[in-house]
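Asker: Quick one: this structure, given as structure tokens, is what I'll be asking you about.
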Amino acid sequence: MAGALSHIRVLDLSRVLAGPWSGQILADLGAEVIKVERPGAGDDTRAWGPPFLKGADGRDTSEAAYFLSANRNKQSVTIDFTKPEGQALVRELASRSDILIENFKVGGLAAYGLDYESLKALNPRLIYCSITGFGQFGPYAKRAGYDFMIQGLGGLMSITGRSDQEEGAGPVKVGVALTDILTGLYSSVAMLAALASRELTGKGQHIDMALLDVQVACLANQAMNYLTTGNPPRRLGNAHPNIVPYQDFPTADGDFILTVGNDGQFRKFCEVAGHREWADDPRFSTNKARVAHRAELIPLIRQATVFKTTAEWVAALEAVGVPCGPINDLAAVFADPQVQARGLRVELEHALAGVVPQVASPLRLSETPVEYRLPPPLLGEHTDQVLARVLGLTEERIAQLHREQVI
């Protein structure tokens with residue numbers, strides 16, 4: 001069964017994470033994604049290792065794990081578009097594509113005739129998605145933007161990390177490049193919306209995506225906590241600013257997470273913990289009261305939770321419908337029975353390693369399911385076949401382009 005986007009061709013000129021992540025989402029949904037890379041070098045993340053994918057002999061291959069995370073189901077074509085012949089090839093590909101994704105600096109592709117206005121003249125139906133740190137306008141538009149920097153500038157780090165009253169206090173970045181990932185997700189939504197609009201108008205459009213915009217938008221309730229009070233939220237470690245108890249607690253053999261979402265769940269937790277009196281205490285009986293008296297309640301809970309193991313707490317609380325769970329490392333994550341049941345690890349055949357592991361797409365469509373057609377490509381793996389199939393170039397012309405180091 002063909003994927004939902006099997007009729008769509010995407011030209012992916014992006015590199016690193018936000019752009020490639022959005023391209024991989026479209027590719028998983030069935031789109032033909034042609035990834036254009038620099039000859040001899042390719043996407044920056046190809047060199048972002050170790051770790052690298054290991055071959056059957058246990059030795060490192062040339063494929064960095066970072067690159068492998070965001071580029072499956074794509075075809076790699078190497079084109080040097082600093083040369084006029086390379087520019088012409090990319091323009092021809094764009095004229096035959098539905099979507100183009102790029103994350104060059106603002107105005108960076110205009111010198112090559114690969115900016116939106118130039119390509120729109122060739123293909124008015126083209127949806128052109130530009131991903132930058134700060135967007136196409138504003139005082140920071142010309143600046144480069146990286147995830148870590150944006151996490152700080154955009155406020156995320158101000159609410160992430162231990163509170164000032166705890167040892168080890170200070171701002172902390174999220175453990176993955178979350179702003180890049182979220183920008184990739186928002187970009188995918190925007191491109192799908194533009195495709196839907198094109199069905200009505202017949203026209204493509206330019207999409208202006210900025211990491212800073214996405215980071216600020218994703219502050220969600222914390223942004224509203226500030227906007228409605230004028231008070232910037234503070235770091236609370238693993239605690240929740242609006243719900244108590246909703247954080248990690250120590251156990252006899254480690255830690256677990258308790259996420260009480262309402263007063264009924266809190267009463268059930270108190271019964272399991274052997275402290276029914278907490279649920280009737282006016283300081284703790286409602287969430288509003290618990291938030292106000294957080295400093296009194298949390299130490300009491302911490303004193304109680306250390307007498308059972310993590311597994312014992314999880315079993316006892318799950319039995320009465322109180323949400324909770326362990327704090328898993330990634331080995332435990334991929335060994336978890338629910339993760340395994342959902343098939344969140346998949347393997348694809350790979351030319352250098354035999355197989356390459358992948359994290360499955362979370363998208364579950366009943367009629368047009370995600371397909372894992374291609375492993376993350378080797379650099380330039382599909383250059384000749386794409387130029388022949390999509391552009392109709394002859395073997396002689398392709399050989400000439402190789403000799404001229406255009407491809």
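The values are calculated or read from the model by the stated rules, or taken from the named source; none is laboratory data. None of the values given here were measured: they were computed from a predicted structure. Reconstructed Cβ throughout: ideal geometry from the backbone, glycine too, with neighbour counts over all protein chains shown. Calculation scope for accessible area: heavy atoms of the full protein, side chains included, ligands and nucleic acids excluded. Shrake-Rupley method; radii C 1.70, N 1.55, O 1.52, S 1.80 Å.
Asker: Say we look at the stretch 364-406 and pick out the residues that are of a type in the set (A, V, I, L, M, F, W, C) and either open to solvent by 70 Å² or more (accessible area, probe 1.4 Å) or part of a helix (DSSP H, G or I) (or both); which of these is nearest to PHE67 (Cα to Cα)?
Answerer: Here the residue is VAL386.
Asker: Of the conditions (1) in contact with a helix residue (DSSP H, G or I) (Cβ under 6 Å, 6 or more places away or on another chain); (2) in contact (Cβ under 8 Å) with a residue 24 or more places away in the chain, LEU348 fails just one. Which one is it?
Answerer: With respect to (1) in contact with a helix residue (DSSP H, G or I) (Cβ under 6 Å, 6 or more places away or on another chain); (2) in contact (Cβ under 8 Å) with a residue 24 or more places away in the chain, LEU348 is out only on (1).
Asker: Let me ask something else about it. Could you grab the pairs with beta carbons closer than 7 Å, sequence gap of 6+ or different chains, first residue in the stretch 189-216 and in contact (Cβ under 8 Å) with a residue 60 or more places away in the chain and closer than 20 Å to ALA27 by Cα, second one open to solvent by 30 Å² or more (accessible area, probe 1.4 Å) and of a type in the set (A, V, I, L, M, F, W, C)?
Answerer: Matching pairs, first to second residue: none at all.
Asker: Would you please name the residue that is farthest from PRO233 (Cα to Cα), looking only at residues in the stretch 167-201 that are β-branched (Val, Ile, Thr) and open to solvent by 50 Å² or more (accessible area, probe 1.4 Å)?
Answerer: Across the stretch 167-201, the extreme among qualifying residues is THR201.
Asker: Residue pairs, Cβ under 8 Å, 6 or more apart or interchain, first in the stretch 133-155 and closer than 20 Å to GLY170 by Cβ, second open to solvent by 90 Å² or more (accessible area, probe 1.4 Å). List them.
Answerer: Close Cβ pairs (under 8 Å, with a partner that is open to solvent by 90 Å² or more (accessible area, probe 1.4 Å)) amount to PHE148/LYS173; GLN151/LYS173; GLY152/LYS173.
Asker: Related question: Let me spell it out: the conditions are (1) open to solvent by 50 Å² or more (accessible area, probe 1.4 Å); (2) in contact (Cβ under 8 Å) with a residue 24 or more places away in the chain; (3) touching a helix residue (DSSP H, G or I) at 6+ places or on another chain (Cβ under 7 Å), and ARG72 meets all of them except one. Which number is the exception?
Answerer: (1)
Asker: Let me ask something else about it. Here's a check for you: in the stretch 219-239, which residue that is touching a strand residue (DSSP E or B) at 6+ places or on another chain (Cβ under 9 Å) and farther than 20 Å from TRP313 by Cα is surrounded by the fewest Cβ atoms within 10 Å (Cβ to Cβ)?
Answerer: Step by step, filter the stretch 219-239, then rank; the result is GLY237.
Asker: Give the residues of the stretch 126-144 that are open to solvent by 20 Å² or more (accessible area, probe 1.4 Å) and either out of contact with any Lys or Arg (no Cβ under 8 Å at 6 or more places or on another chain) or farther than 30 Å from ARG91 by Cα (or both), sorted by residue number.
Answerer: The answer is GLN136, PHE137, GLY138, PRO139, TYR140, ARG143.
Asker: Of everything in the stretch 283-334 that's aromatic (Phe, Trp, Tyr) and open to solvent by less than 60 Å² (accessible area, probe 1.4 Å), which residue is farthest from ARG345 (Cα to Cα)?
Answerer: PHE284
Asker: Restricting the stretch 151-181 to residues that are among the β-branched types (Val, Ile, Thr) and part of a helix (DSSP H, G or I), which is farthest from the chain's Cα centre (by Cα)?
Answerer: Here the answer is ILE159.
Asker: Criterion first (within 24 Å of TYR66 (Cβ to Cβ) and in contact (Cβ under 8 Å) with a residue 40 or more places away in the chain) does LEU185 satisfy it?
Answerer: Yes, satisfied.
Asker: Within the stretch 10-24, can one find any residue that is under 20 Å from the mean Cα position of the chain (by Cα), at positive phi, open to solvent by less than 20 Å² (accessible area, probe 1.4 Å) and of a type outside the set (Lys, Arg)?
Answerer: No: the stretch 10-24 contains no residue that is under 20 Å from the mean Cα position of the chain (by Cα), at positive phi, open to solvent by less than 20 Å² (accessible area, probe 1.4 Å) and of a type outside the set (Lys, Arg).
Asker: Also, quick follow-up: Given the residues ASP147, ASP164, which is the only one that is on the phi < 0 side of the Ramachandran plot and surrounded by 16 or more Cβ atoms within 10 Å (Cβ to Cβ)?
Answerer: Every option except ASP147 fails the conditions.
Asker: So ASN73 fits all but one of (1) touching a Phe, Trp or Tyr at 6+ places or on another chain (Cβ under 9 Å); (2) farther than 21 Å from THR368 by Cβ; what number is the exception?
Answerer: So the condition that ASN73 fails would be (2).
Asker: Which residues, counting only those in the stretch 115-125, are open to solvent by 20 Å² or more (accessible area, probe 1.4 Å), in a loop (DSSP other than H, G, I, E, B) and more than 21 Å from VAL16 (Cβ to Cβ)?
Answerer: Residues satisfying the conditions are PRO124, ARG125.
Asker: Considering only the stretch 292-356, give the helices (runs of 4 or more DSSP H) lying wholly within it that have at least 1 residues that are more than 33 Å from the chain's Cα centre (by Cα).
Answerer: In the stretch 292-356, 294-305, 310-319 are the helices (runs of 4 or more DSSP H) which contain 1 or more residues that are more than 33 Å from the chain's Cα centre (by Cα).
Asker: Further, regarding this structure: Do you know which residues across the stretch 243-282 are open to solvent by 20 Å² or more (accessible area, probe 1.4 Å), over 15 Å from ARG294 (Cα atoms), in a strand (DSSP E or B) and in contact with a Ser or Thr (Cβ under 9 Å, 6 or more places away or on another chain)?
Answerer: PRO250, GLY254, ASP255
Asker: Also: So which residues in the stretch 341-354 are within 19 Å of LEU330 (Cβ to Cβ) and either surrounded by 12 or more Cβ atoms within 10 Å (Cβ to Cβ) or among the β-branched types (Val, Ile, Thr) (or both)?
Answerer: ARG342, LEU344, ARG345, VAL346, GLU347
Asker: Among the residues of the stretch 38-56, what is the count of those that are open to solvent by less than 10 Å² (accessible area, probe 1.4 Å) and either closer than 18 Å to THR183 by Cα or of a type in the set (Asp, Glu) (or both)?
Answerer: Residues meeting the conditions: 2.
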